[in-house]
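These notes are about the structure you will find just below.
The values are calculated or read from the model by the stated rules, or taken from the named source; none is laboratory data. Keep in mind it's a predicted model, so treat the numbers as computed, not measured. Backbone-built Cβ (ideal geometry, glycine too); neighbour counts: all protein chains shown. To get the accessible areas, we keep the full protein, side chains included, count just its heavy atoms, and leave off ligands, DNA and RNA. Shrake-Rupley method; radii C 1.70, N 1.55, O 1.52, S 1.80 Å.
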Amino acid sequence: LAAFDEWLQQDDWKVAKVEITLDGKGMFGITVKGKADAVLIAGDDVLILDYKKSSHKERLKRLEKGYELQTALYRDMYKSTFGQPKGILSSGYCTLNDQVLLTDYVLNPSPQMHVKSATNSLNEQSVKAQDQVRNTLDCLRAGQLVFNSSDDIRLWQSRGVSVYALTDNRLVQRFTVKADGKEAE
């Protein structure tokens, strides 16, 4: 993390909090809770970061296609917990595999750290993900539980969303049945 530390010093970012739990009644009218790896402050600006072992490419794709929800939830939860800062409130990821600081707002580049940001507005970065969650919640409230099918894999990958969540989860597999009534494999 030496390159990240040099980037922090370059723009006088200070680590204000680490492993901080944020919560609030969020964008869907339900209480959400999450843990951010770090909250950085530079003057009146606040940057909420999550460290990821992965690389940045799929996350950047999600931001630019409107399917990134975690950064928007971090901003909402931060505002619920601490209020709106005087400066800019942004969030993002520090990806360790490729040493990229990927944010939802443009930050100064650094010779030590690759700094990338989405080219669309904060609202555009999560609007499709929020619509997807709203639709899913509406279905659940109507008593419908809709799963993705294997046909959806390419669609979700094109949006930058990984499709591993259900394939390797033994608990989900245990309580999931196929349409023919047999237990899922």
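Listed values, structure above:
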| read-out | value |
| --- | --- |
| Residue count, the range 47-98 (criterion: assigned to a strand (DSSP E or B) and touching a Lys or Arg at 6+ places or on another chain (Cβ under 6 Å)) | 4 |
| Of all residues in the range 14-46 being modelled with pLDDT under 90 and in a loop (DSSP other than H, G, I, E, B), the one that is nearest to ASN135 (Cα to Cα) | PHE28 |
| Odd one out for LEU40, checked against (1) within 12 Å of the chain's Cα centre (by Cα); (2) surrounded by fewer than 21 Cβ atoms within 10 Å (Cβ to Cβ) | (1) |
| Those residues of the range 7-31 which are under 13 Å from THR71 (Cα atoms) and either of a type in the set (A, V, I, L, M) or open to solvent by 40 Å² or more (accessible area, probe 1.4 Å) (or both), in sequence order | LEU22, MET27 |
| Test: residue in the range 126-135 that is in contact with a helix residue (DSSP H, G or I) (Cβ under 6 Å, 6 or more places away or on another chain), closer than 27 Å to SER55 by Cβ, modelled with pLDDT of 75 or more and part of a loop (DSSP other than H, G, I, E, B) | no |
| Sole exception among (1) without any contact (Cβ under 8 Å) to a residue 40 or more places away in the chain; (2) over 12 Å from the mean Cα position of the chain (by Cα); (3) open to solvent by 10 Å² or more (accessible area, probe 1.4 Å) for ILE88, by number | (1) |
| Unmet criterion (only one of (1) surrounded by fewer than 17 Cβ atoms within 10 Å (Cβ to Cβ); (2) at pLDDT 90 or above) for SER54 | (2) |
| Residue list for the range 1-35, restricted to those being touching a residue at least 40 places away in the same chain (Cβ under 8 Å) and within 15 Å of the chain's Cα centre (by Cα) | LEU22, ASP23, GLY26, MET27, VAL32, LYS33, GLY34 |
| The range 7-22: number of residues that are farther than 13 Å from GLY34 by Cβ and touching a helix residue (DSSP H, G or I) at 6+ places or on another chain (Cβ under 6 Å) | 0 |
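Okay, residues lined up against (1) touching a residue at least 24 places away in the same chain (Cβ under 8 Å); (2) open to solvent by less than 60 Å² (accessible area, probe 1.4 Å); (3) closer than 16 Å to ASN123 by Cα:
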residue: GLU58; (1), (2), (3): yes, no, no
residue: GLU64; (1), (2), (3): yes, no, yes
residue: LEU73; (1), (2), (3): yes, yes, yes
residue: GLN84; (1), (2), (3): no, no, no
residue: GLN99; (1), (2), (3): yes, no, no
residue: ASP104; (1), (2), (3): yes, yes, yes
